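Trainee: Dumping the structure here so I can ask a few things about it.
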Ligand code: PMP
C-alpha cells in the first residue's frame, strides 16, 4: 500500500459497509457499558462468565501489583519469568489435566508461536475454513503447505491428509467456532490425527471456562493424548488477558526453546497471573454461572423460535443471528443501538461474504431481565 492509496482504500471499505470504527468504552467491561457517552445493555464481549470486572479478580490483581510491581521488565527467558507466573502455569496445567503449561501474552501470539514451532517447510497444516484468523496466520507464517478443509468436513480433511505428502502433519481447529458458536468433532479429529500421524492443535478460546464444567474441551471430550496440543485464551471466560498452551512437559520445554512469540517479547505483567489464579478458582466454584448462561441460551432460542430471525445450532454463549447483507446487518445493529442495546454487526472478512451477522454474546453477567430486554428489542426491530 503506497501512502497515496490509503485514502481510496478506506473509501472503498466504506462503500462496501466494511469500514471499522472503534467504539470507545467509558466504563469497565460488563453487561451495562457506557460507549461514546451513551449507556447500553451490551451483548458484545467475550466475558462469558462475567468475571472481567469481578471484585475478587480486581483485588487479586491489586494485591499482586503490591507484591510484584507492574511491568514485566524483560522477556521471560532473559529475566522475566516471575514466581507468580510459574504458579499460574502449574495451576493451568493441572486445571486442564496436562503435565505442563506455558503462558503467552495473547492467544494470537500463542497460535503463531506454537504452530511455527511444530511445523515448517516440508510439513503440512490442515485447517478448518472457519478457523480463527490467528490460526491461519500461524499456518501461513510456518511456511508449511497450508490446506484448508470445508467447515467440519471430516471426509475432505481425510482426503487432504491422504493426498498431501509431508514430514510432519498438523491439524488445527477451533474447539468452539468464534463466529458461529458450533463445535469441532474433536473425537473424530483425534482419530484422524492418529491414523495419519498428525498433531491435533486445539484452540479452545471459546470453550475454556464453559466446556468440561469449566475445565475446557480436553475434559469435555476426554482428549488427553500426546498428539493433542491445547491452547486457550484467558481474556474471554477467564476474564483477564493472555493465553496458555498445555501438553506434555517435553512439548512445553520445546516451546520455551522455539516459540518466537514467547522468546522475543516482554513478559506480561506479573499481576495478571494472580488474577488468572483467582479466576480458575471462580470458574471451578461458581457453577451457577454456566447454568445461568444455559438458561439465557434457552430463553433466546424460545423467544426467537416463531420469528424470521434464525439462530445457529450453538450451545455456547456465542449466538449469532445470520442476516446476510452488510448493509442490513449494520441497519439492524443501529436500530438496536437506538433502543439502548449493543450487539456487534460482524461482517466480512471476519465471516464469509454474504453471511454478515449480529453476534449476540451471552454472559453470566446478564440477568434474565437483560435477556428479555434483548428479545423485546430484536422483535421490535424486525416487526
Ligand atoms: N483464537 C480464537 C478462536 C479467538 O476467538 C481469539 C480471539 N478473538 C484468539 C484465538 C486470539 O486470542 P487473544 O484475543 O487472546 O489474542
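The values are calculated or read from the model by the stated rules, or taken from the named source; none is laboratory data. Here the structure is a predicted model, which means the values were calculated and not measured. With ideal geometry, Cβ positions are generated from the backbone for all residues, glycine too; neighbour counts draw on all protein chains shown.
Residue-wise test of (1) at pLDDT 95 or above; (2) farther than 19 Å from residue 291 by Cα; (3) crowded, with 24+ Cβ neighbours inside 10 Å.
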position: 185; (1), (2), (3): yes, yes, no
position: 204; (1), (2), (3): yes, yes, yes
position: 207; (1), (2), (3): yes, no, yes
position: 212; (1), (2), (3): yes, no, no
position: 215; (1), (2), (3): yes, no, no
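Trainee: Only one of 333, 302, 372 is part of a helix (DSSP H, G or I), surrounded by 17 or more Cβ atoms within 10 Å (Cβ to Cβ) and more than 17 Å from the chain's Cα centre (by Cα). Can you tell me which?
Mentor: 333
Trainee: Something else: Whether any residue in segment 95-110 is in a helix (DSSP H, G or I) and more than 15 Å from the ligand (Cβ to nearest atom) is what I want to check.
Mentor: yes
Trainee: Might you let me know whether segment 183-201 holds any residue that is out of contact with any strand residue (DSSP E or B) (no Cβ under 6 Å at 6 or more places or on another chain), within 15 Å of the ligand (Cβ to nearest atom) and within 26 Å of residue 145 (Cβ to Cβ)?
Mentor: Yes, segment 183-201 contains a residue that is out of contact with any strand residue (DSSP E or B) (no Cβ under 6 Å at 6 or more places or on another chain), within 15 Å of the ligand (Cβ to nearest atom) and within 26 Å of residue 145 (Cβ to Cβ).
Trainee: Hey, among the residues in segment 137-165 that are over 20 Å from residue 192 (Cβ atoms) and free of Cβ contacts under 8 Å to residues at least 24 places away in the same chain, which one's farthest from the ligand (Cβ to nearest atom)?
Mentor: It comes out as 143.
Trainee: Name every residue in segment 246-279 that is under 11 Å from residue 110 (Cβ atoms) and within 12 Å of the ligand (Cβ to nearest atom), in order of residue number.
Mentor: Result: 261, single match.
Each row is one residue, and each column tells you yes or no for (1) within 14 Å of the ligand (Cβ to nearest atom); (2) assigned to a strand (DSSP E or B); (3) touching a strand residue (DSSP E or B) at 6+ places or on another chain (Cβ under 8 Å).
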{"position": "222", "(1), (2), (3)": "no, no, no"}
{"position": "229", "(1), (2), (3)": "yes, yes, yes"}
{"position": "244", "(1), (2), (3)": "yes, yes, yes"}
{"position": "289", "(1), (2), (3)": "no, no, no"}
{"position": "298", "(1), (2), (3)": "no, no, no"}
{"position": "306", "(1), (2), (3)": "no, no, no"}
{"position": "316", "(1), (2), (3)": "yes, no, yes"}
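Trainee: Separate question: Which members of segment 24-37 meet the condition of being free of Cβ contacts under 8 Å to residues at least 40 places away in the same chain and surrounded by 13 or more Cβ atoms within 10 Å (Cβ to Cβ)?
Mentor: 25, 27, 29, 32, 34, listed by residue number.
Trainee: Looking at (1) without any contact (Cβ under 8 Å) to a residue 60 or more places away in the chain; (2) under 23 Å from residue 207 (Cα atoms); (3) outside the structural domain of residue 366 (by TED's automatic domain parsing), which one does residue 244 not meet, given that it meets all the others?
Mentor: Just one mismatch for residue 244, condition (1).
Trainee: Restricting attention to segment 231-242, which residues are within 11 Å of the ligand (Cβ to nearest atom) and assigned to a loop (DSSP other than H, G, I, E, B)?
Mentor: Within segment 231-242, 234, 235, 236, 238, 240, 241, 242 meet the criteria.
Trainee: Restricting to segment 141-163, name every residue that is within 15 Å of residue 122 (Cα to Cα) and surrounded by 15 or more Cβ atoms within 10 Å (Cβ to Cβ).
Mentor: Within segment 141-163, 141, 142, 144, 145, 146, 147, 161 meet the criteria.
Trainee: Does segment 66-83 contain at least one residue that is surrounded by 12 or more Cβ atoms within 10 Å (Cβ to Cβ) and at positive phi?
Mentor: yes
Trainee: Next question, about the same structure. Whether any residue in segment 350-363 is surrounded by fewer than 19 Cβ atoms within 10 Å (Cβ to Cβ) and over 25 Å from residue 184 (Cβ atoms) is what I want to check.
Mentor: Scanning segment 350-363, I find no residue that is surrounded by fewer than 19 Cβ atoms within 10 Å (Cβ to Cβ) and over 25 Å from residue 184 (Cβ atoms), so the answer is no.
Trainee: Can you pull out the residues in segment 116-136 that are within 15 Å of the ligand (Cβ to nearest atom) and within 22 Å of residue 187 (Cβ to Cβ)?
Mentor: Across segment 116-136, the qualifying residues are 127, 128, 129, 130, 131, 132, 135.
Trainee: Go through segment 332-353 and give me each residue that's at pLDDT below 95 and over 28 Å from residue 204 (Cβ atoms).
Mentor: Once the filter is applied, which keeps residues that are at pLDDT below 95 and over 28 Å from residue 204 (Cβ atoms), segment 332-353 yields nothing.
Trainee: For residue 78, are the conditions met, namely being over 17 Å from residue 282 (Cβ atoms) and either not in a loop (DSSP other than H, G, I, E, B) or not assigned by TED's automatic domain parsing to the domain that holds residue 258 (or both)?
Mentor: yes
Trainee: Regarding residue 204, is this residue in the same structural domain as residue 114 (by TED's automatic domain parsing) and within 12 Å of the ligand (Cβ to nearest atom)?
Mentor: Considered against the rule, which asks whether it is in the same structural domain as residue 114 (by TED's automatic domain parsing) and within 12 Å of the ligand (Cβ to nearest atom), residue 204 comes out as yes.
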